[in-house]
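Below you'll find the structure, written out as structure tokens, and then a few comments.
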Amino acid sequence: MASGSWPQTEAAVTGAGANGKIVPGTFAWLRRKTRITAKPFSLTGRIIAGVIICQLVLTAAVTIVAMLYARRELGRGFDAALNGWAVNTLAAVRYTESSVPDLLFDPALIPESSSVRHPDLFEIRRSNGEILARSGGSLPKELGQGSSTFTNFVIRGVPYRAIVLRQVPVLDREDNLSVQQRVTVVYAASQRAMHEQLVELGFSVVGVSLLLLFVVSVVAAWGVRRALEPLRELAGQAGAISVLNWEFRPPAEASMARELAPLTSAIETVLERLRESFRQQRDFTSDAAHELKTSVAIVKSTLQTLLQRPRPEHEYRAGLESMLEDCGRLEDLLGRLLRLARIEQWAENGMNRKLGVTEVTSTCEAAISRIQALAEARDIQIELIAPQEVQLQADPEDLELIWVNLLENAVQYSPVGSKVAIHVDRNGGSTACVSVQDSGPGIPEEQLPHVFQRFYRGDPSRSRATGGFGLGLAICKAIVTAYGGQIQATNRNGIGTEMRVELPVGFASTSS
């Protein structure tokens, strides 16, 4: 690599066991129950139903309020009319023309009955309780005995309301009487007509309300369907997306609507990620095929060379040893691919292993011992800086694999006779931070975002002289991500590159 210090080389991958996926029975039962009980529904229907229900409640409330108000006003008018009829009936009481005036009742002066089917009833009593006059129908005896002015009663199923004018003076005047006589007037009229008016008014209000409800419901249904049209168009555009068609053009109304803008943005984001995932998958397949083809081609070329002509035993032995070395390289590649796939599956499905507490410094020391021979061959000193003990829940083999990959990259691309440092510390008490710093020239800025991609190497020639396959940092990132941590690469102002790993100290073994 001509311009960078961190093309991905890796340490040998030691055994990797697959983790079985354990699905708790409770969650499986809940998912099955959800699939059984969940039924499809119409969002448009729910909105329209909600509007209709609100309109029904409003219609009922308006009807009730209108009926109560009408009943109160009709009752007030009925009481005023009842009082006028009673006064007119009182005016029919007159004095006689005799020397000693007495009271008499003139039926010709009484008002006309308010109802033909249910005649009005009245009764006039003298001050001593003697009945002066009464209508054809009799009134209940208990009327007038209390103190209330208005009283309701029922005669043969017909509701009546009566007014009692107690001890009122006779309206007729006699000059020779020093004290005017007083009478009690009881006048009752049927309320059947008023009740019929209330019923008719109620039906009218309900009819008009239902008509308005129908009109409003039709308009609301049209409005809701019209308002949801951009959503249907958005669904149509999203449904047309396929591997062969990545074009997504949301309708203008969907982009303008505040409610649909987040959905549109989410679809575009997911689509972009899917497109990137497909691209990475294609690149991964292409790169894996290239690496496998290269190794197989080398083995084939060696075999063809050995078979071209008879050779002495030592040449056959040298060729077979070279083939064995190439087969080992091929086996190493397949092991790394399998390890990477298992780690990514583990990160995606959640951690199922019971993790113990691991001391980070000891895993760093184990990694240094594995790289020590390579470092001594290049006269590079590896320094471990761990001011305090740091523990976290993790598999020590996973941590050691991360440090080995990072240290091998640092040693491989640091100048001869330089130094590589590995720092272990706690960041704020909740995060373990491990950084590996080399003394190389650094990584070009345009390559930094890609160093953790699978098969990525800064050297475009993909020369075998660099060692490895471009999977080391991808494996590191997959393990760190599975533990809920972060890994990033930064340049140190022209004095090398720093690989910084942050892992949560209290990582729970049951969460992903």
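The values are calculated or read from the model by the stated rules, or taken from the named source; none is laboratory data. The structure displayed is predicted, hence computed values, not measured ones. Cβ: placed from backbone, ideal geometry, glycine included. Neighbour counts: every protein chain shown. In case anyone asks, the SASA skips ligands and DNA or RNA and just uses the protein heavy atoms, side chains included. Shrake-Rupley method; radii C 1.70, N 1.55, O 1.52, S 1.80 Å.
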Exercise. Just checking, how many residues over the stretch 130-155 are open to solvent by 50 Å² or more (accessible area, probe 1.4 Å) and without any contact (Cβ under 8 Å) to a residue 40 or more places away in the chain?
Worked result: 13
For this session: Could you please find all residues in the stretch 422-463 being at pLDDT below 75 and open to solvent by 10 Å² or more (accessible area, probe 1.4 Å)?
Result: 428, 429, 454, 456, 457, 458, 459, 460, 461, 462, 463
For this session: Of the conditions (1) part of a helix (DSSP H, G or I); (2) touching a residue at least 60 places away in the same chain (Cβ under 8 Å), residue 118 clears all except one; give me its number.
Result: (1)
For this session: Considering every residue within the stretch 424-432, establish whether at least one is more than 42 Å from the chain's Cα centre (by Cα) and not acidic (Asp, Glu).
Result: no
Exercise. From the list 384, 406, 401, 392, which one is in a helix (DSSP H, G or I), out of contact with any Lys or Arg (no Cβ under 9 Å at 6 or more places or on another chain) and open to solvent by less than 60 Å² (accessible area, probe 1.4 Å)?
Worked result: 406
Problem set entry | Top-ranked residue in the stretch 338-369 [being modelled with pLDDT of 70 or more and part of a loop (DSSP other than H, G, I, E, B); ranked as farthest from residue 425 (Cα to Cα)] | 354
Problem set entry | Single match in 161, 125 (criterion: within 24 Å of residue 72 (Cα to Cα), outside any helix (DSSP H, G or I) and either open to solvent by less than 80 Å² (accessible area, probe 1.4 Å) or touching a Gly at 6+ places or on another chain (Cβ under 7 Å) (or both)) | 161
For this session: Could you check residue 439 against (1) under 16 Å from residue 357 (Cα atoms); (2) of a type in the set (Ser, Thr, Tyr); (3) touching a helix residue (DSSP H, G or I) at 6+ places or on another chain (Cβ under 9 Å) and say which number it fails?
Result: (1)
